[in-house]
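For reference, the structure discussed in these notes is given below.
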Amino acid sequence: MNLTALPAIVECRFDQGLIAHKVGTWRAPPAVSRRQLAELRENAAADGYSVVHVRSAEPIEDLAPCFQGCLLQFEGDRDAALEVLGRFPQKYRTRALAAGDWPAIAALYRQASPTRFSRDPAIGPARALRHKLKCLRTYWQNFPGFFLVALGSRDEVVSVQGCMPREGWFDLYESVVSADSRTGFALAAMLRANLELCRQRLPLLTGIVTRIYSDNPVSIQYYRKLGMVHTGSDWFYHLWLEQRRATAMDIESLRETVARFLHDQFLVDFDGNKVDGGTDLFAGGFIDSFGFMELISFLETEFGVEYAAEELLLGQLNSLDGLVASVGRKLAEVAPGAARERPPQS
């Protein structure tokens, strides 16, 4: 096939294996043809992508079964929005997001409505949550000070929101509010504090941009009240190129794979004298709660297994031995007898 010139597939920088082995993004050209979609699949498969997030200014009929949502872009003026926000009751205190806030933020997202990622049966709610937290944490690390939390009456975190400076505007990124605070102006408090912070740090940057899903009328109405106007739309699709795998493998190979990941990601040296298969990786200071989410995502993606939230609290995944035994059991449930001890060599 003579491939025509197509927009490049760009690897998703922030995913790091949480959704699939290799995730890409592709901006579709106008009027996508079936031939172009076939070429996209061919190119992506040849480059080893598991899934490509396709974004298009127009709906793509041939990708309708993969449809995930329509994202509306709204643009406005910082000072005009601050004038409106100044009329809202100031019922919440705000401060910069801190490292110790992540457990509370994870709890907020668990309470939130299902996302487009979590509705994708190839991803599921638990994996979507880890992906969301990873992206949010990466943005927070890249733009320190521009992510705020709102605090309730007991100083508990009830909302989080980010505001990232771009070339020519501020990008209002991601907000989630606890169920008890959705009518209490927590989002308004954070947005006002964030925009005031933006005015102090970058006074000449006055444009603001946000993106809202088309099936979220409450947020659309809220940002329109701030004087923001709809300037464009994006349809997006999850184009899966391979099914998640539940691969049969022997225990020794499984152990080598998990040990290699622990060494490469968390610098756990099983060849030394201080760490062995039974070492508690939490007590040893190798893994924290966020690292644990990355570890579970790796196991699910690499071996095609699933972990329910309650399984993560049983204390059976704290060591290499525990991890190998757990994954082995799950693989055996999918393919009885598949995960087994390797027979002795004759």
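The values are calculated or read from the model by the stated rules, or taken from the named source; none is laboratory data. Note that the structure is predicted; figures quoted are calculated from it, not measured. No Cβ is skipped: glycine too gets one built from the backbone with ideal geometry, and neighbour counts run over all protein chains shown.
Tabulated data
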item: Some residue of the stretch 34-41 being of a type outside the set (A, V, I, L, M, F, W, C) and under 30 Å from Gly207 (Cα atoms); result: no
item: Filter result for Leu331 (modelled with pLDDT under 85 and surrounded by fewer than 15 Cβ atoms within 10 Å (Cβ to Cβ)); result: no
item: Any hit, the stretch 99-122, residues being at positive phi, out of contact with any Gly (no Cβ under 6 Å at 6 or more places or on another chain) and outside the structural domain of Ser297 (by TED's automatic domain parsing); result: no
item: So Val160, is it more than 14 Å from the chain's Cα centre (by Cα), of a type outside the set (Phe, Trp, Tyr) and closer than 24 Å to Phe292 by Cα; result: yes
item: Residues of the stretch 50-80 satisfying the condition of being within 24 Å of Leu202 (Cβ to Cβ) and in contact with a helix residue (DSSP H, G or I) (Cβ under 6 Å, 6 or more places away or on another chain); result: Phe74, Arg78
item: Qualifying residue in the stretch 204-212 (condition: charged (D, E, K, R), touching a Lys or Arg at 6+ places or on another chain (Cβ under 7 Å) and in contact (Cβ under 8 Å) with a residue 60 or more places away in the chain); result: no
item: The lone exception for Val54 - which of (1) within 18 Å of the chain's Cα centre (by Cα); (2) more than 30 Å from Pro125 (Cβ to Cβ) it fails; result: (2)
item: Hits in the stretch 96-119 - residues which are at pLDDT below 75 and surrounded by fewer than 18 Cβ atoms within 10 Å (Cβ to Cβ); result: Ser113, Pro114, Arg116
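Yes/no matrix, rows are residues, columns are (1) touching a helix residue (DSSP H, G or I) at 6+ places or on another chain (Cβ under 7 Å); (2) part of a helix (DSSP H, G or I); (3) over 19 Å from Lys134 (Cβ atoms):
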position	(1), (2), (3)
Arg255	yes, yes, yes
Asp269	yes, no, yes
Thr279	no, no, yes
Ile287	yes, no, no
Phe290	yes, yes, no
Leu295	no, yes, no
Thr301	no, yes, no
Glu311	no, yes, yes
